[in-house]
Amino acid sequence: MLKRAVYSLADKPGFTAWVSRHGMRWGFAQRFIAGEAIDDVWPALQELRDDNMAVTLDYLGESVDDVDATRVVTATYCAILDELSARDNAASVSLKPTQVGLAISTELARENIGKIVAHAQQLGNFVRVDMEDSPTTAATLDVFTSLRADYDNVGVVVQSYLHRTAADVRELNAIGAQLRLCKGAYKEPAAVAYQAKSEVDGNYIKLAELLLQEGNYPAFATHDDRIVDHITSYVERSGIARDRFEFQMLYGVRRDYQREIAAAGYNVKIYVPFGAEWCPYFMRRIAERPANALFVMRALVGG
Ligand SMILES: Cc1cc2nc3c(=O)[nH]c(=O)nc-3n(C[C@H](O)[C@H](O)[C@H](O)COP(=O)(O)OP(=O)(O)OC[C@H]3O[C@@H](n4cnc5c(N)ncnc54)[C@H](O)[C@@H]3O)c2cc1C
């Protein structure tokens with residue numbers, strides 16, 4: 001119920017405009033967003049690196065419907081990769097396909113993401129193509145598989161809430177794709193996605209085992225300790241080495257838990273988002289856990 005209410009608020013332009021205006025000034029966006037400018041990111045990145053965690057940077061933005069604007073985002077990603085190469089190549093990048101052309105055409109997305117991946121390859125870096133809502137799934141996987149034929153420094157994301165994902169994972173494993181498995185963050189209809197948390201979690205575990213058996217350095221993106229425990233006991237039982245997979249978590253979500261898993265000797269990568277277009281990302285974090293809305297309330301009362 002609460003989740004639905006948050007999703008419906010996220011669709012109200014007046015509300016999101018208000019959140020965008022006040023979020024940084026009143027301090028509630030900083031919980032999940034490293035800042036609006038690239039220079040805001042470096043202290044957060046250093047802190048994570050000091051705790052032995054790797055980083056993937058997300059320059060926030062989505063649903064860009066102007067061709068020139070997608071080219072500007074593409075150039076910005078290349079510039080971010082240049083900065084990372086000068087500072088810390090243990091940080092990679094993640095991007096949303098509709099930020100770089102998929103809201104316009106599959107060809108444009110292929111062209112722009114291809115430029116970023118080619119640039120990353122020259123610098124020895126890696127690009128993760130995030131997965132957005134279900135109308136974009138097939139096109140995102142098409143763009144990814146066509147790029148994967150030419151580059152091995154690109155990976156993509158699959159979501160355990162979608163019915164189609166088990167079949168996708170089998171096909172993607174067959175081409176050696178590097179996959180990030182997540183539950184899925186968008187509001188999806190029953191025709192395409194499991195609705196019950198128990199089904200989404202059960203499918204996650206099945207897919208995680210499949211990826212551990214057949215995948216290429218899978219990334220398990222979750223803060224769910226029951227799933228993390230399942231994976232760690234599964235790898236122990238199966239004799240799978242810890243350097244064959246990693247856990248990924250979001251900046252600002254269960255920070256102590258992130259450190260605990262890294263300290264226990266697992267590879268951990270933190271997804272660090274930054275940029276002025278943070279509102280849709282922020283609203284998804286609230287929808288995942290409506291109790292997070294309390295942070296917003298407290299900031300309002302306090303500020
Ligand atoms: C690195 C990374 C990349 C991702 N990339 C994508 C993507 O490309 N496409 C996509 O659709 N989704 C993506 N997601 C989001 C993902 O799909 C889930 O919506 C999100 O991770 C919450 O699910 P969970 O697995 O943590 O489990 P849940 O069952 O939602 O949560 C488990 C526990 O984690 C904690 N928790 C979870 N979320 C929050 C939060 N927002 N605030 C505070 N505590 C929280 C709570 O303690 C909760 O009980 C990504 C997530 C991560 C970690």
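Below are the figures for this structure:
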| read-out | value |
| --- | --- |
| For the chain: relative contact order, % (alpha-carbon pairs under 8 angstrom, 6 or more apart) | 25 percent |
| Amide H contacts under 5 Å for S160, placed H, 5+ residues apart | C182, K183, G184 |
| Shape call, segment 131-249: gyration tensor on alpha carbons, a/c limit 1.5 | oblate |
| Fraction of beta bridges assigned by DSSP in the chain that are antiparallel (%, nearest 5) | 5 percent |
| Residue of E36, E132, E107 that the Gaussian network model of the chain assigns the largest fluctuation, springs spanning Cα pairs under 10 Å | E107 |
| The chain - percent of accessible surface contributed by carbon and sulfur, probe 1.4 Å | 52 percent |
| Whole-number accessible area per residue in Å² for segment 137-184, which is evaluated in the context of all protein chains at 1.4 Å | 35 Å² |
| Segment 113-154: relative contact order as a whole-number percent, Cα under 8 Å and 6+ apart | 50 percent |
| Shape call, segment 34-277: gyration tensor on alpha carbons, a/c limit 1.5 | oblate |
| R148, R164, ranked by accessible area, largest first (probe 1.4 Å) | R164, R148 |
| Rg/Rh ratio calculated on Cα atoms of segment 45-129 (Kirkwood radius) | 1.01 |
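The values are calculated or read from the model by the stated rules, or taken from the named source; none is laboratory data. Everything numeric in this text was worked out from a predicted model, so none of it was measured. Heads up: the accessible areas ignore ligands, DNA and RNA and are worked out on the full protein's heavy atoms, side chains in. Shrake-Rupley method; radii C 1.70, N 1.55, O 1.52, S 1.80 Å.
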